[in-house]
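**Q** So that we are looking at the same thing, I have put the structure below in C-alpha cells.
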Amino acid sequence: MTDVNQPPLLSIEHINKRFPGVRALNDVSLTFHSGEVHALLGENGAGKSTLIKVLTGIYAKDSGDITLEGRKVHIKNSQDAQNSGIRTVYQEINLIPTMTVAENLTLLDQPRRFGMIRWRSAHSQAREMLARVGLDIDPNSLLVSHSIAVQQMVAIARALGSKARLLILDEPTASLDSDEIARLFGLMRQLKAQGMAIIFVTHFLDQVYAISDTISVLRNGSHVGTFKTRALSQTELVGHMLGKDLDMLQHEQRDITETEEKPVVLSLSQVGKTGMLKPVDLNLRQGEIVGLAGLLGSGRTELCELAYGAARSDQGSKTWLGQSLPINTPKQAIEQGMAYCPEDRKHRGIIAELSVRENLILALQSSRGWWSRIPMAEQQAVVSEFIERLSIKTSDMEKPIGELSGGNQQKVILARWLVTNPKLLILDEPTRGIDVGAHHDILNIIRELCEEGMSLLVASSEVEEIVAFAHRVVVLRDRGKVSEIVGNQISQKSIIQAIAQ
Amino acid sequence: MRLKRSMRWEARTLAPIISLFLLIVGTALVVPGFLRLSIVDGHIYGSLIDILHRSTPTALIALGMAVVIGTKGIDLSVGAIIAICGAVTAVLTASTELHPLIVLGCAVLAGMVCGLWNGTLVAVFGIQPIVATLILMVAGRGIAQMITGGQIVTFHSDFINAIGNGFFMGLPARVVLAAVIIAITVLVLRKTALGMFLEAVGGNSEASRLVGIDSKLLILMVYVFSGFCAALAGVIIAADIRGADANNAGLWLELDAILAVVIAGASLSGGRIYLGLTIVGALIIQTLTTAILTSGLPAQYNLIVKASIILLVLLLQSRVTQNFIKTRVQAFRRSSDAQ
Ligand SMILES: Nc1ncnc2c1ncn2[C@@H]1O[C@H](COP(=O)(O)OP(=O)(O)OP(=O)(O)O)[C@@H](O)[C@H]1O
Ligand SMILES: [Mg+2]
C-alpha cells in the first residue's frame with residue numbers, strides 16, 4: 001500500500017482561486033501518492049470541482065504551485081494535463097453528444113496512417129475500451145441516444161483508455177447502479193495496484209469507505225484536513241464536512257404511514273411506446289410515494305417521461321383524478337398540476353445563461369402564463385426562501401446558474417418544481433450530486449409535501465433512498481414492469497432480488 | 001455584495017455606451033459643428049439628429065434581430081424583406097387609389113407573412129435558422145423584382161413621404177415611430193414574462209419545453225416580429241427615396257443589424273436579449289458612417305475604417321480582454337493592499 005516515505009506523485013501548495021463574489025479555493029495544499037485512492041470530499045460548493053479544474057488547466061489558479069514528481073509544472077490547458085499523464089472524468093459529462101460513441105472514445109488519439117484516420121482500427125479500439133468497462137453498446141451509435149448512466153460509463157472508458165499516472169473522477173457514480181459501481185471499483189483497484197494515483201470525488205460515504213485509502217475534506221474552499229480512511233469514523237467525517245454534527249441514521253429508517261384509502265391521482269393503463277417502454281399499469285394515490293427501481297436501461301426514465309408527457313405514448317390511456325384526460329405534452333401535464341425533474345441536469349434542466357432566480361421561478365411563471373409576470377418582489381421572496389431552505393450556495397440570486405457547483409444546480413432545479421406546489425411530482429434521480437446534509441433536508445421537504453397530499457413518483461438508482469421513503473416500489477426490467485413491492489415487504493433485499501430475478 | 005454585483009453588470013453594459021460616447025466626442029473634435037443643433041421652422045436640425053434619422057431602419061431591424069438571436073436564431077432575410085415591403089408600398093401607391101394607411105397595412109402584412117414563412121421553416125420543420133432565412137434572403141429580392149416588374153418604381157404620396165422625411169413634434173417622424181416601436185417592445189418583453197421565456201428558449205429549448213413553455217410558438221412569433229420590423233424599415237426607406245429599388249433597398253442591412261446585436265454583447269448562441277444596448281449598437285454603426293463621410297476621408301477608406309473601429313469595440317468586449325483587464329485590476333489592488 002502507500003509508502004509514506006515515498007515522495008508524492010503530485011503535490012499542490014497554497015492554491016487560491018476566486019470567482020466574482022466567492023473564494024472557491026482558499027490556500028489549499030494537498031499531496032497525492034501513487035498507488036492510492038484519495039477521496040476528495042465536502043459539501044456542495046466546497047470547491048472540489050474547482051480544485052480539479054485548476055489541476056487540469058480548465059481554470060487558471062490565482063496563486064499557488066503544482067508539483068508533479070518533484071518538478072514544478074504549469075498546466076495551462078487540458079492538452080498540458082493530458083501530456084502530464086492526467087486523465088479526468090468531469091462531473092458534467094464533457095463528451096460531444098452529436099458524435100458517435102466510437103468517435104468520442106478515440107477523439108484524442110485516433111489511429112492514423114499517413115495522416116488519415118484508420119476507422120477500422122478506431123472501431124476495434126473503441127470496442128476494446130467499452131469492453132473494459134463492461135459496456136455492451138454499438139460503438140457506431142450516437143452518444144445522445146444513450147442514457148446519462150451509459151454516457152458516464154463512456155466517459156470513464158475514455159479516461160481509462162490510455163496510460164496515465166493520475167486518474168481524476170469527479171462524481172463518476174452519481175447515476176450508476178450497483179453493478180456498474182462494482183465494476184468501476186474493480187477497475188480502480190486494478191489501476192491502483194499498477195501504481196496509478198486516483199482522486200475520487202463523491203457524496204456517497206459508503207463508497208468512500210469501500211474504495212479510498214485517504215480522505216481529504218474541503219469546506220468553503222479551505223482544506224479542513226486529510227485522514228487515513230481506516231482511522232476516521234463516518235460520524236467524524238460528516239462532522240468535518242459540514243462543520244457540525246448530523247444524525248445520519250435518521251433517514252435510513254422506514255417511517256411510513258399507509259395510504260390505501262386516498263383517491264387515485266394519476267392512473268396509467270397499458271401506457272407504453274414502441275421501442276421505448278412496454279405497456280405499463282400504474283396507480284398513484286394522493287400522498288403516496290412510489291419508487292421506480294431497476295437496472296440501467298430498465299425503463300425507469302422512460303416511464304417518467306411517458307407519465308409526464310415529455311414523450312408521447314402511443315398505447316394505453318391516462319386518467320387524472322378520475323377523469324380520462326389527454327396528457328401528452330409537458331404543458332398539459334403542468335396545467336393538471338404535475339411536475340417533472342429530469343435526470344439530465346445539464347441538457348434538460350438548467351438554462352445556464354439565466355440567473356438562479358430566473359431558473360428557479362421559470363416553472364411557476366410558465367404555469368401562470370407569460371402575460372402575468374410575477375412581480376419582482378414576490379420572485380425575490382420566493383427565491384430567497386428556497387435558497388435558505390435548501391441551503392443553496394450562491395453569492396447572489398442573479399448569478400448565472402451555470403456558475404454554481406453541480407449539487408447546487410440540482411437544488412435549484414428541484415426548487416423550481418417545489419415552488420409550483422404540484423399535485424404529483426416526478427423525480428428522476430433527484431439527489432444526484434447532492435451532499436449528505438442537503439440530501440437529508442430534501443428528503444424531509446419531500447416527506448412534508450407528501451403528508452400535505454402531494455404524490456411522488458421517484459426513479460432512483462439508490463436502493464436505500466427508495467427503501468427509506470417509498471410506500472410502494474415498482475420494479476422494471478428490460479423496459480417493462482416486472483413486479484410491485486408493497487408496504488412492509490419493501491427492503492433493500494427484496495428490491496435487489498426482484499431486480500435480479 | 002449588492003454593490004459588487006451592479007459593478008459586474010456595468011462593466012459589460014458600459015462598453016457599448018462608452019464607445020458611442022467616445023465616438024461622438026472624437027468626431028466632434030475632428031468635425032467642427034458636429035454637436036451643433038439648430039431649430040428651423042420648429043424642426044430640429046443638426047448632425048446628431050441626422051444620425052438618428054439615418055439610423056432608424058438599422059435600429060428597427062436590429063431590434064427584431066436582437067429578439068431572434070436571443071432565441072438562438074438569426075434572420076438573414078431582413079434586407080430582402082425590406083425590398084419586398086418597399087416594392088409593395090411603391091406599387092400600391094403608384095398604381096392604385098388605396099388609402100395610404102391601407103397601403104401601409106399591406107406592406108406590414110407582407111413583412112409579417114415573410115416572417116411567418118421563416119418561422120415556419122425554423123419552428124415547424126426544424127431547419128437551421130441560418131439556412132432557413134438564407135432561402136428568403138436569396139428569393140426575396142426576386143420577389144421584390146416581380147412586384148416592381150424589374151423597374152425602379154417611383155411614387156408620390158404626402159402621407160407616406162411624411163414617414164420618410166416629415167416631422168412630428170419637432171423631431172423626424174420616423175425617429176418618433178421607431179422610438180415608439182422600441183419602447184413598446186421593451187415594455188412587452190420586460191413587463192411580462194415574455195422576455196424571460198424567449199431567453200429560456202434560446203438558452204435551452206428542451207429544458208424550456210419541459211417547464212411547459214411553447215417554444216415552437218414563441219420561435220414562430222419571433223420571426224414574424226422580425227418581419228414586422230423589417231417591413232417598417234422597408235416603408236421608411238421607400239418613403240425616403242420616394243421609390244422602390246428592388247436590387248438595392250436594404251442591401252447588406254442584415255449584417256449591420258447582426259453587428260449591432262453583437263456590439264450590444266449578445267452571443268449568437270442565444271439566451272440573452274439586450275434591446276437598449278442593441279439600439280446603442282445601431283447608433284454606433286450609423287455615427288461611424290456619418291463621421292467618416294463628414295470628416296472628408298477619401299471614400300475608398302470608408303469601409304476599412306468602419307470595420308477597424310467595429311473590430312476595436314468587439315475586441316474590447318471580448319472575454320479574453322475583459323479577463324485580462326480584470327486580472328490586471330486585481331493584481332493592482334493586491335499590490336496596493338499589500339502596501
Ligand atoms: N465558473 C464559475 N464562475 C463563478 N463561480 C464559480 C464557477 N465555478 C464554480 N464557482 C463557485 O465556486 C464554488 C465552488 O464550486 P465547485 O464547483 O468547486 O463545488 P463542488 O465542491 O464541486 O460542489 P458539488 O458537490 O456541488 O459539485 C461555488 O460557490 C461555485 O458557485
Ligand atoms: Mg462539483
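**Q** If you build a Gaussian network model of chain B, linking Cα atoms that sit under 10 Å apart, which residue out of B:Leu109, B:Leu303, B:Leu198 swings the most?
**A** Highest fluctuation of the listed residues: B:Leu303.
**Q** Something else: Which length gain, in nm to one decimal place, applies between A:Arg18 and A:Ser372 when the Cα-Cα distance is subtracted from 0.36 nm times their residue separation?
**A** 123.6 nm
**Q** How many percent of the accessible area of chain B is carbon or sulfur, using a 1.4 Å probe?
**A** Here it works out to 70 percent.
**Q** Quote the charge dipole size of region B:52-319 about the Cα centre in Debye, to the nearest 20; the model charges only the Cβ of Lys and Arg (+1) and of Asp and Glu (-1).
**A** 480 debye
**Q** Given a 1.4 angstrom probe, what's the average accessible area per residue across region A:401-441, in square angstrom?
**A** With the other protein chains kept in place, region A:401-441 gives 18 Å² per residue.
**Q** Along the Cα-to-C-beta direction of B:Asn302, a point sits 7 Å from the Cα; which residues of region B:268-294 have their amide N less than 11 Å from that point?
**A** Counting backbone N atoms under 11 Å from the label point, the list is B:289-294.
**Q** Remind me, relative contact order of chain A in percent, using alpha carbon pairs under 8 angstrom and six or more residues apart?
**A** In percent, rounded to a whole number, it is 16.
**Q** Still on this model: Of all DSSP beta bridges located in the protein assembly as shown, what percent are antiparallel, nearest 5?
**A** Looking only at bridges with both residues in the protein assembly as shown, the antiparallel portion is about 60 percent.
**Q** Can you figure out the FRET efficiency of B:Ser335 with B:Leu98, using R₀ = 51 Å and their beta-carbon distance, to the nearest 0.05?
**A** The calculated FRET efficiency here is 0.10.
**Q** Shifting gears a bit: For B:Ser205, tell me the accessible area in Å² from a 1.4 Å probe, rounded to the nearest 10.
**A** Per-residue accessible area (B:Ser205): approximately 60 Å².
**Q** Okay, next question. Please return the longest stretch of chain B lacking exposed loop sites, where chymotrypsin sites (Phe, Trp or Tyr not before Pro) count only if DSSP places them in a loop and at most 12 other Cβ atoms lie within 10 Å.
**A** Longest site-free region, per DSSP loop and neighbour criteria: B:126-251.
**Q** Okay, next question. Ignore the peptide's own chain and count Cβ atoms of other chains within 10 Å of each Cβ in A:363-369; give me the average, rounded.
**A** That average works out to 4.
**Q** Can you spot the lysines whose alpha carbon is less than 23 Å from A:Lys72's alpha carbon? Ignore those fewer than 8 places along the same chain.
**A** Cross-link targets: A:Lys17, A:Lys48, A:Lys53, A:Lys61, A:Lys163.
**Q** Additional query: To the nearest Å, what is the center-to-center distance of region A:442-501 and region A:270-304, using C-alpha atoms only?
**A** 12 Å
**Q** Okay, moving on. Need one value for A:392-404: mean number of C-beta atoms belonging to other chains within 10 Å of its residues' C-beta atoms.
**A** The shielding value for this peptide is 2.
**Q** To the nearest Å, what is the center-to-center distance of region A:119-180 and region A:75-89, using C-alpha atoms only?
**A** Using only Cα atoms, the two centres lie 19 Å from each other.
**Q** Quick check for me: using +1 on Lys/Arg Cβ and -1 on Asp/Glu Cβ, what's the dipole size of the protein assembly as shown about its Cα centre, in debye to the nearest 20?
**A** Magnitude of the dipole: close to 1840 debye.
**Q** Also: Considering the dipole of chain A built from charges on the beta carbon (Lys and Arg +1, Asp and Glu -1) around the Cα centre, which of A:Val474, A:Gln379, A:Val28 is farthest to its positive end?
**A** A:Val28
**Q** Calculate the FRET efficiency for A:Glu261 and A:Ser324 from the Cβ-Cβ distance with a Förster distance of 22 Å, rounded to the nearest 0.05.
**A** 0.45
**Q** Once you order the gyration tensor axes a ≥ b ≥ c over the Cα atoms, which shape class does region B:52-319 get: rounded for a/c under 1.5, otherwise prolate or oblate by comparing a/b with b/c?
**A** Verdict is oblate for region B:52-319.
**Q** Sticking with this one: Quick one: check the C-alpha center-to-center distance for region A:185-211 versus region A:345-360, whole angstrom.
**A** Taking the Cα centre of region A:345-360 as reference, the centre of region A:185-211 is 32 Å away.
**Q** Nearest 10 degrees is fine. How inclined is helix A:119-132 to the longest principal axis of chain A, computing both from alpha carbons?
**A** On a 0 to 90 degree scale, this one is about 80.
**Q** Between the DSSP loop rule and a limit of at most 16 other Cβ atoms within 10 Å, which chymotrypsin sites (Phe, Trp or Tyr not before Pro) in region A:352-445 are left?
**A** Filter output for region A:352-445: A:Trp371.
**Q** At 7 Å along the Cα-to-beta-carbon direction for both B:Val131 and A:Ser162, put a label point, then send me their distance in nm to one decimal.
**A** With each label placed 7 Å out from Cα toward Cβ, I get 3.3 nm.
**Q** Please report the accessible area of A:Ser367 (heavy atoms, 1.4 Å probe, ligands and nucleic acids excluded) in Å², nearest 10.
**A** 70 Å²
**Q** Give the average, rounded to an integer, of partner chain Cβ atoms located within 10 angstrom of each Cβ in A:349-356.
**A** If you average over the peptide's residues, the count of other-chain Cβ atoms is 6.
**Q** Scan region A:305-400 for trypsin sites (Lys or Arg not before Pro) in coil per DSSP, keeping those whose Cβ has at most 16 other Cβ atoms within 10 Å, and list them by number.
**A** Answer by residue number: A:Arg312.
**Q** Using label points projected 7 Å from each Cα along Cα→Cβ, tell me how many nm separate A:Lys244 and A:Glu385, to one decimal.
**A** 2.2 nm
**Q** Kindly compute the accessible surface that chains A and B hide from a 1.4 Å probe when together, both sides summed, and give it to the nearest 100 Å².
**A** So the total buried area for this chain pair works out to about 2600 Å².
**Q** Need one number: nm distance between label points at B:Phe168 and A:Ser63, each 7 Å from Cα along Cα→Cβ, rounded to one decimal.
**A** 6.0 nm
**Q** Oh, and also: Take A:Ser460, A:Ser121 and sort them by solvent-accessible surface of the protein heavy atoms, 1.4 Å probe, largest at the top.
**A** I get A:Ser121, A:Ser460, largest accessible area first.
**Q** Shape of region B:57-173 from its Cα gyration tensor (a ≥ b ≥ c, root eigenvalues): rounded if a/c is under 1.5, otherwise prolate when a/b > b/c, or oblate?
**A** oblate
**Q** A follow-up question, please. Do any GluC sites (Glu not before Pro) in region A:1-85 lie in a DSSP loop with no more than 14 other beta carbon atoms within 10 Å, and if so, which?
**A** Hits after loop and neighbour filter: A:Glu69.
**Q** Still on this model: First measure r as the distance between the Cβ atoms of B:Ile241 and B:His43, then evaluate 1/(1 + (r/R0)^6) with R0 = 22 Å and state the FRET efficiency to the nearest 0.05.
**A** In this case the efficiency is close to 0.65.
**Q** A 24 angstrom limit on the alpha carbon distance is what I want to check against. Which of B:Lys72/B:Lys326; A:Lys278/A:Lys346; A:Lys273/A:Lys481 exceed it?
**A** B:Lys72/B:Lys326; A:Lys278/A:Lys346
**Q** Could you order B:Lys72, A:Lys76 by accessible surface area, starting with the largest, using a probe radius of 1.4 Å?
**A** Largest accessible area first, the list is A:Lys76, B:Lys72.
The values are calculated or read from the model by the stated rules, or taken from the named source; none is laboratory data. These figures come from a predicted structure and were not determined experimentally. Don't worry about glycine lacking a Cβ; one is built from the backbone with ideal geometry, like all the others, and counts go over all protein chains shown. Keep in mind that these areas ignore ligands, DNA and RNA; they rest on the heavy atoms of the full protein, side chains included. Shrake-Rupley method; radii C 1.70, N 1.55, O 1.52, S 1.80 Å.
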